[in-house]
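A short write-up of the structure that comes next.
The values are calculated or read from the model by the stated rules, or taken from the named source; none is laboratory data. In this text, all values refer to a predicted model and were calculated from it rather than measured experimentally. Please note: Cβ atoms are built from the backbone with ideal geometry, for glycine as well, and neighbour counts cover all protein chains shown. Note: accessible area is taken over every heavy atom of the protein model, side chains too, but ligands, DNA and RNA are not part of it. Shrake-Rupley method; radii C 1.70, N 1.55, O 1.52, S 1.80 Å.
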Amino acid sequence: MANQSAKRVTQQNAQRMSLLSKLFIGINAFYIFIRVVFQYRSLSWTGSIMYLATAGVETLLYMNLYSVSRPRYDPGGVLVSSGTDLSQPGLVSYMFDYIYISWFVHVLSLLTKWAWALYFVIPVYVGVLAA
């Protein structure tokens, strides 16, 4: 019975990471394509640095989620650990929140440079949670 639960978590993690991978590549490729092809004249050092910094943090969080969600097998192929359940609350959900906020800001920043100010929502959110 417990092994069925571990297999279910493994399958759900694989599905969630597959979707996250597609969205990760798609949204970042969309941003770069639009910014370079259609908005090249409005491209600035500040915007580029903001994008690279936030995309870097986003990539680190994505790699961390990928690492902790992977199942572990023994040499015989028996499932030892299903990996961290990606649907659990806590740090994992905060990593997803940051990634989603980054995607929203990246797409919105194609319309206005003030979209980068939305990153101030994160420390305010943490402050509200801590209070």
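So Tyr125 fits all but one of (1) surrounded by 13 or more Cβ atoms within 10 Å (Cβ to Cβ); (2) more than 19 Å from the chain's Cα centre (by Cα); what number is the exception?
Failed condition: (2).
Mind listing whichever residues of region 33-83 are open to solvent by 60 Å² or more (accessible area, probe 1.4 Å) and in contact with an Asp or Glu (Cβ under 9 Å, 6 or more places away or on another chain)?
Correct list: Val80 only.
Take Leu111 and decide whether it is assigned to a loop (DSSP other than H, G, I, E, B), open to solvent by 50 Å² or more (accessible area, probe 1.4 Å) and closer than 24 Å to Thr46 by Cβ. Reasoning before the result, please.
Details: assigned to a loop (DSSP other than H, G, I, E, B): yes; open to solvent by 50 Å² or more (accessible area, probe 1.4 Å): yes; closer than 24 Å to Thr46 by Cβ: yes.
In short, yes.
Picking from Tyr73, Tyr94, which residue would you name as being within 19 Å of Asn13 (Cβ to Cβ), under 12 Å from the mean Cα position of the chain (by Cα) and aromatic (Phe, Trp, Tyr)?
Among Tyr73, Tyr94, only Tyr94 is within 19 Å of Asn13 (Cβ to Cβ), under 12 Å from the mean Cα position of the chain (by Cα) and aromatic (Phe, Trp, Tyr).
Do you know which residues across region 19-32 are closer than 30 Å to Gly77 by Cα and open to solvent by 50 Å² or more (accessible area, probe 1.4 Å)?
Across region 19-32, the qualifying residues are Leu19, Lys22.
Assess whether Val92 counts as being within 18 Å of Ile27 (Cβ to Cβ), among the β-branched types (Val, Ile, Thr) and touching a residue at least 24 places away in the same chain (Cβ under 8 Å).
No: the conditions fail for Val92.
Of the residues that sit in region 98-108 and are open to solvent by less than 60 Å² (accessible area, probe 1.4 Å) and without any contact (Cβ under 8 Å) to a residue 24 or more places away in the chain, which one is farthest from Gln39 (Cα to Cα)?
Residue satisfying both the conditions and the ranking: Ile101.
Please indicate, with yes or no, whether at least one residue in region 72-87 is part of a helix (DSSP H, G or I) and of a type outside the set (Gly, Ala, Ser). Let's see the steps before the verdict.
Step one: of region 72-87, the residues part of a helix (DSSP H, G or I) are none.
Checked against the condition, which is being part of a helix (DSSP H, G or I) and of a type outside the set (Gly, Ala, Ser), region 72-87 yields no hits at all.
So how many residues does region 84-96 have that are more than 16 Å from Ser18 (Cα to Cα) and open to solvent by 50 Å² or more (accessible area, probe 1.4 Å)?
Selection size over region 84-96: 4.
To keep it simple, each residue is scored yes or no on (1) in contact (Cβ under 8 Å) with a residue 60 or more places away in the chain; (2) closer than 26 Å to Ser5 by Cβ.
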{"position": "Gln15", "(1), (2)": "no, yes"}
{"position": "Ile27", "(1), (2)": "yes, no"}
{"position": "Arg35", "(1), (2)": "yes, no"}
{"position": "Ile49", "(1), (2)": "no, no"}
{"position": "Leu52", "(1), (2)": "no, no"}
{"position": "Thr59", "(1), (2)": "no, no"}
{"position": "Gln88", "(1), (2)": "no, yes"}
{"position": "Ala131", "(1), (2)": "no, no"}
